[in-house]
Amino acid sequence: MNAGDTTGRHLKRLRAEGVAVWLRGFHHSDTVGQLARLVAAWDLSGLTWTVDDVPAADGCARPAALRGPVADPVRAHRRLSTVAARAACDVLLPLYEASGGRRGLVSVDLPPDAPDMSLGEQVRATWWAVDRPNLLLKVPGTAGNLDLVGSLVADGIGVDISPVFSAARYEQVFAALCTGLEQARRAGRPLRRICTAVSLPIAPIDQLVDRRLGERGLDASRYPTGEAARAHARLVYHRHEQAMSGPRWQALAAHGAHLPHLVWTSLEPPDRPSYTDHLIAWGVVHAVTRAALPSLTHGSVLIGDALSGRHITARQDLEALYAFGLSYEVLAAELEDAWLAWRAGLWYARWRGSEQAADATEVAGTAKDHSAHNSSVASMPVRAPTGSGSGVPRGHQSSWPGSDS
């Protein structure tokens, strides 16, 4: 039996459990053919990328049609992302069409605070520019974005609410998605054409718990490794099951609405085993990096549904944090704030790198390759300059415990 047979059998078992696999990260040096072969070899159902995967806007990293001095790095990044998103959507479009819109999705990140347009305007402009039905555009899952989520979905735009760090916020997001779908239905839009997802990072929860225990001088081993993150996932999945069985969603489903994809991200922490085997349930998505794809076939033991009906013990595990002076809700809020700060800092670094590349091009007449710089920028933590003229609001300096969102 060869490795390909083992790989295929294991992925079929994942599919039988109702788990889809998305590729987390997109190499912009990949050709369309390379991406297509990767999708076929691993039976991938989708693709997602964040700011980590946004290319440098310098001459060497860009397609030939976009080379030359970078007058506006924000617009250059936007054009690059549009080209890459359209190419990725085209690779997965046959899968999207064959599955009736349930598979073959591509989720793309956008700058948080572009100087020339709001997030909502960016989402609408990118949706129009890419012009593919299997595109999802990431919207941060903050309380302040809930109305925007409903408005975008009402306009028929695919969104990926990313990231979401608590079960309570997931409920709010689900309600906002329902509101948007109800408005879309009243406007006469076919609900079967509107795709949505909610992305939930897993590893950062345990990483933050360990950090807070260490700051208090407590032994992290007193709280079982991985319990907080897995309990969080079980509680979110319970709320997901409750929501999809409720009358509001059932009415939308009767008119063709697709259930939001529940996407687990940040599954491969460097300091602990992968969470993959503990996050299996019907209808979930595992977003896996390219380097971690082999882990789906080597040493992985499928234990069946690990999420359904386990919300009671999940609440108990999360309530146990109180004994250590920690709160699940407070930790979730901390993670959201840290992620927003990290994301702003990393986008700032991308833009600054682009401006520096433009200056070098103007002076030397050549485009310098900043790939090594961009690789180091993507490592954590990032601390961006703040204050007047920096382009990054004060307070956007926090480190982020997990860079894969």
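The GLN34 and ARG189 beta-carbon pair, evaluated with R₀ = 35 Å, returns a calculated FRET efficiency of approximately 0.50. Here the spin labels are modelled as points 7 Å beyond Cα on the Cα-Cβ line, and at ALA175 and GLN316 they lie 3.0 nm apart.
For SER308 and ASP116, what does the FRET efficiency come to when R0 = 45 Å and r is the distance between their Cβ atoms, rounded to the nearest 0.05? It comes out at approximately 0.45. I need the calculated FRET efficiency for the pair GLU329 and LEU259, taking r as the beta carbon distance and R₀ as 25 Å, to the nearest 0.05. Calculated transfer efficiency: 0.45.
We did not get these values from a lab; they are worked out from the coordinates using the rules stated. As the structure is a computational prediction, the values presented were derived from the model and not from experiment. Counting neighbours? That spans all protein chains shown, and the Cβs are built from the backbone with ideal geometry, glycine included.
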